[in-house]
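Q: The structure's right below; bear with me while I get my questions together.
The values are calculated or read from the model by the stated rules, or taken from the named source; none is laboratory data. As the structure is a computational prediction, the values presented were derived from the model and not from experiment. Neighbour counts are summed over all protein chains in view; Cβ atoms, including those assigned to glycine, are modelled from backbone coordinates with ideal geometry. The protein model used for the area step is the full one, side chains on, heavy atoms only, and it has no ligands, DNA or RNA in it. Shrake-Rupley method; radii C 1.70, N 1.55, O 1.52, S 1.80 Å.
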Amino acid sequence: MSHEPRSRPVLVEEAHRATIFEIFFDLVLVFALTRLIDFMAEEPTALTLFQGFLLILWLWYAWSCYTWLGNLVRADVGVVRAGMTVAMGAIFVAALVIPDAWRHDGGAMSSALTLAVAYLTVRALHLALMFYSGGDNPRYRRQAARFAVSTALAWVPLILGAVLGGTAQTVLWALAFLVDFGGGRIATAASLGEVRSGAHFAERHNLVLIIALGESLISAGAGAGAVAIGPSVMVAAAVGFAATVCLWWLYFEDAAPAAARALTAAPRHTRRRQQLASDAYTLAHLPLIAGVIYVALGIHEVLANVVGHPGTGWTGGARLGWMPAVVLFGGAAVYLAGRFVFLRLTVGAAPAQLVAAGAVLLLLPAAGLLPALGAIGLLTAFLVALVGYERLRGARRLRT
């Protein structure tokens, strides 16, 4: 019985969908993202929040690169699967050291250097798989070569920042991302990567977002600690869960299916499809993911506050404070802004939908003065009202 040799990459067809192996890859990536909640929750200052966002950028860009690769060739076959498995291992190692990413204990291999080497490994493997998957396609191999230049240049500030630590680490790591990401955008400016399966590309982004929503609840719930759960903590957890359900509804009920139809309807070899994938999915989903992470961090802070200052009714917890309020409400605003951009690029959402993101920010002054339970209640009430408005607007649209 003959078997088809698997030494060559298997090109993706239009009907291709996400594989179990790719979902496994997404789970490891989201584990790393949720570790950022632990990192930022330890000392939620403006600097820590920026450092966390910087690592979100790193992880999202790395995941996006592999998603584009998996839309060109099957990720669950042969050399590509082997390379992505090693990349998963590197992401897992990076996730383990994320909480100590800016600590230097004087050892030969600090957490910062371990994280830098792990990220370098992930990016280097992607480049190798790009060249391998290019096969006899000179256009794709030239694009891979352009990618390699900026990626290799980014490794210099990446390693140097890990060695120096402190403020220099933050600045150099930000520079490393700008070089890597900016070079990648320039490399694809003239010729965007081909989207061979629109359904697969949309599904990968849907899956990583739903996994992020689910896993973020686990990290958010950690704010309650291991103490006995009282009534006010239960109420805060339930209200935080309701807020997460609203975020899920606002993306998956109407937005995701409509956008996926727009992507798959665009002809395969047109720039329209490539632009939708690049901008509406790769770029616009970044604020969606970041918003989920920061809302989860905000819920984590609310639960920790209520546990430390139990009360009754909506007086549960001490005053939330400005930084946790900014994290909680700012995360929701970022998520809603990302949803607006996503819909605007795919189905032409009205600019009025951007008002929702601004309205969340207008609630910030009140949220910072309210008890923690009252603050999370305020955000959830707003999101429930927004969901109700969207449902009503959708019903009216169906009747006309």
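Q: So what is the relative contact order for segment 89-144, in percent, with contacts set as C-alpha pairs under 8 Å and at least six apart? Write down the numbers at each step before the final one.
A: On the way: 41 pairs, mean separation 16.2, N = 56.
So the answer I get is 29 percent.
Q: Using Cα pairs closer than 8 Å and at least 6 residues apart in sequence, work out the relative contact order for segment 139-257, in percent.
A: Working: 55 pairs, mean separation 24.6, N = 119.
Computed value for segment 139-257: 21 percent relative contact order.
Q: Take the alpha carbon gyration tensor of the chain, find the square roots of its eigenvalues, order them as a ≥ b ≥ c, and report rounded if a/c is under 1.5; if not, report prolate when a/b exceeds b/c, else oblate. The partial results should precede the final answer.
A: Working: a/c = 2.01, a/b = 1.32, b/c = 1.53.
It comes out oblate by the Cα gyration axes.
Q: Just the number please: accessible area per residue for the chain, 1.4 Å probe, all protein chains included, in Å².
A: Numbers: 16620 Å² over 400 residues.
Accessible surface, normalised per residue, equals 42 Å².
Q: Further question on the same structure: Need one word for segment 43-121: rounded, prolate or oblate. Basis is the Cα gyration tensor (sqrt eigenvalues a ≥ b ≥ c); a/c below 1.5 gives rounded, then a/b vs b/c decides.
A: Working: a/c = 3.78, a/b = 1.76, b/c = 2.15.
Oblate is the answer for segment 43-121, as a/c is 1.5 or above yet b/c matches or exceeds a/b.
Q: Placing +1 at every Lys and Arg Cβ and -1 at every Asp and Glu Cβ, with all other atoms neutral, what dipole size does the chain have around its Cα centre, in debye to the nearest 20? Don't skip to the end; give the middle numbers.
A: Working: 28 positive and 21 negative charges, 283 e Å.
So the dipole magnitude of the chain works out to roughly 1360 debye.
Q: Let me ask another. Could the peptides 168-175, 276-283, 346-353 be put in order, highest first, of the mean number of other beta-carbon atoms found within 10 Å of their residues? Write out the running numbers ahead of the final one.
A: Working: 168-175: 18.1, 276-283: 21.5, 346-353: 13.5.
The packing order, highest mean first, is 276-283, 168-175, 346-353.
Q: I need the calculated FRET efficiency for the pair ALA46 and VAL149, taking r as the beta carbon distance and R₀ as 45 Å, to the nearest 0.05. Don't skip to the answer; put the middle values down first.
A: Working: r = 34 Å, r/R0 = 0.75.
Efficiency, from the Cβ-Cβ distance: 0.85.
Q: On a full-extension model of 0.36 nm per residue, what is the gain between TRP322 and LEU175, subtracting their alpha-carbon distance, rounded to one decimal in nm?
A: 50.0 nm
Q: Shifting gears a bit: For the chain, which DSSP H helices look membrane-span-like by this rule: Cα extent along the axis of 20 Å or more and mean Kyte-Doolittle of at least 1.0? Each step should come with its number before you reach the end.
A: Details: long enough: 20-42 (34 Å, 1.63); 46-72 (39 Å, 1.13); 78-97 (30 Å, 1.93); 111-134 (35 Å, 1.30); 138-164 (40 Å, 0.63); 166-189 (34 Å, 0.95); 198-221 (35 Å, 0.78); 231-252 (31 Å, 1.67); 285-308 (35 Å, 1.57); 322-346 (35 Å, 1.39); 372-399 (41 Å, 0.78).
The qualifying helices are 20-42, 46-72, 78-97, 111-134, 231-252, 285-308, 322-346.
Q: Continuing with this model, one more query. Per-residue counts of other Cβ atoms within 10 Å, averaged by peptide: what ranking do you get for 252-265, 49-62, 27-40, highest first?
A: Numbers: 252-265: 17.1, 49-62: 19.6, 27-40: 22.2.
Packing order, densest peptide first, comes out as 27-40, 49-62, 252-265.
Q: Using only DSSP helix segments of four residues or longer, with each worth -39500 (n - 2.57), what per-residue ellipticity at 222 nm results for the chain after dividing by its residue count and rounding to 500?
A: Values: 15 runs with 298 residues, N = 400.
For the chain, the value works out to -25500 deg cm²/dmol.
Q: Oh, and also: Determine the shape class of segment 144-204: with a ≥ b ≥ c the square roots of the Cα gyration tensor eigenvalues, call it rounded for a/c under 1.5, and otherwise prolate if a/b is greater than b/c, oblate otherwise. Numbers along the way, then the final one.
A: Values: a/c = 3.54, a/b = 2.11, b/c = 1.67.
Since a/c reaches 1.5 and a/b is larger than b/c, the shape of segment 144-204 is classed as prolate.
Q: Got the relative contact order for the chain handy, in percent, Cα pairs under 8 Å and 6 or more residues apart? List each step's numbers first, then the result.
A: On the way: 576 pairs, mean separation 68.9, N = 400.
Relative contact order here is 17 percent.
Q: So for segment 1-133, considering every pair of alpha-carbon atoms, how many percent are separated by more than 25 Å? Walk me through the intermediate numbers first.
A: Values: 2868 of 8778 pairs.
I get 33 percent for the Cα pairs in segment 1-133 exceeding 25 Å.
Q: Once you put a point 7 Å from the Cα of LEU369 and another 7 Å from the Cα of GLN275, both along the Cβ direction, what distance in nm separates them?
A: Reported label-point gap for LEU369 and GLN275 is 4.7 nm.
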